[in-house]
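Presented below is the structure to which this report refers.
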């Protein structure tokens, strides 16, 4: 049970002083979104969080309008993540396992990159500045600053020519860097062979699991036995579903609350007889989590938001409909 939850979280889941109107920032974010989804690109980037540096290689291939992205951890383990459409396949050589899940939303796998929506304009302030070159490429800097303390901000260094984020930062309320993604090298080939986005892991004999394939995802045809009251301003229920896990005695309730940019997943599950769940906060990079017991159920809220947000959301979860 605990192992299943950890695997689920693993899959779970950018200086100059002259700023111009937010409308231009919106245009740049739209260009960034298009670049992330429609361009061929490949390179090496590093992700910095909790004092750790994780180098990774990314290969993003678009052919006949279909995008496939492959992430390869450049360490001794060599974990891989391949995303195609709404499916994400995670290869874990260290545990000889593969997890296949459905991706919620359309967030690119690079991480630390915000997606644009109308809700973002209600909860965040946008601005754009000119900046020094990155990797000898001219960049534009976009600031996405929250209007309150319930969400993080972002700073993005976008390649002026393509719109691709060359540096992306998640920032706290005092401007501190919570997490950073930075390309060390990048190229934009006209063609990328299909073999380049196929896994290099020999998964013979690996254990394959498909937790999402048994999930009932809906806001309409699943009786909502749990809800969250008194959500932070701007957050609304985006997904409510039941995840059937073979290790669980009953389906796990999975709710997702979003403000259009930040999202918080809430899992409600019955602890196993041998489990000794621990309440309280935990953290990994920009992701914070908060766990507590509610009516003999374990409630865990997790997301790339400040600790106060996951604590408030987890504490507002109650059984039953209004």
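The values are calculated or read from the model by the stated rules, or taken from the named source; none is laboratory data. Here the structure is a predicted model, which means the values were calculated and not measured. Virtual Cβ from ideal backbone geometry, glycine too; neighbours counted across all protein chains shown.
Given the conditions (1) within 22 Å of residue 55 (Cβ to Cβ); (2) out of contact with any helix residue (DSSP H, G or I) (no Cβ under 9 Å at 6 or more places or on another chain), which single one is not true for residue 175?
(1)
Given the structure, is residue 311 closer than 23 Å to residue 146 by Cβ and surrounded by fewer than 21 Cβ atoms within 10 Å (Cβ to Cβ)?
Values: closer than 23 Å to residue 146 by Cβ: yes; surrounded by fewer than 21 Cβ atoms within 10 Å (Cβ to Cβ): yes.
Yes: the conditions hold for residue 311.
Is it the case, given these coordinates, that residue 161 is out of contact with any helix residue (DSSP H, G or I) (no Cβ under 6 Å at 6 or more places or on another chain) and under 18 Å from residue 263 (Cα atoms)?
no
Among the numbered conditions (1) at pLDDT below 85; (2) in a loop (DSSP other than H, G, I, E, B); (3) in contact with a strand residue (DSSP E or B) (Cβ under 8 Å, 6 or more places away or on another chain), tell me where residue 107 comes up short.
Only one criterion in (1) at pLDDT below 85; (2) in a loop (DSSP other than H, G, I, E, B); (3) in contact with a strand residue (DSSP E or B) (Cβ under 8 Å, 6 or more places away or on another chain) is unmet by residue 107, namely (3).
Given the condition surrounded by 13 or more Cβ atoms within 10 Å (Cβ to Cβ), part of a strand (DSSP E or B) and at pLDDT 95 or above, answer yes or no: does some residue in the stretch 119-128 qualify?
no
Is the stretch 229-244 home to any residue that is touching a strand residue (DSSP E or B) at 6+ places or on another chain (Cβ under 6 Å), crowded, with 17+ Cβ neighbours inside 10 Å and modelled with pLDDT under 80?
Looking for residues that are touching a strand residue (DSSP E or B) at 6+ places or on another chain (Cβ under 6 Å), crowded, with 17+ Cβ neighbours inside 10 Å and modelled with pLDDT under 80, one finds at least one in the stretch 229-244, hence yes.
When you scan the stretch 133-158, how many residues do you find that are more than 22 Å from residue 262 (Cβ to Cβ) and part of a strand (DSSP E or B)?
Taking the stretch 133-158 and keeping what is more than 22 Å from residue 262 (Cβ to Cβ), we get 133-140.
The next check asks that each one be part of a strand (DSSP E or B); those that pass are 133-134, 137-140.
Matching residues across the stretch 133-158 total 6.
With the checklist (1) over 20 Å from residue 287 (Cβ atoms); (2) assigned to a strand (DSSP E or B) in hand, flag the one item residue 76 doesn't pass.
Going through (1) over 20 Å from residue 287 (Cβ atoms); (2) assigned to a strand (DSSP E or B) one by one, residue 76 breaks only (2).
Checking residue 153 against (1) surrounded by fewer than 13 Cβ atoms within 10 Å (Cβ to Cβ); (2) touching a strand residue (DSSP E or B) at 6+ places or on another chain (Cβ under 9 Å); (3) more than 27 Å from residue 78 (Cβ to Cβ), which single condition isn't satisfied?
(1)
Taking only the stretch 255-287 into account, find how many residues are buried (at least 21 other Cβ atoms within 10 Å of the Cβ), more than 18 Å from residue 228 (Cα to Cα) and touching a helix residue (DSSP H, G or I) at 6+ places or on another chain (Cβ under 9 Å).
2
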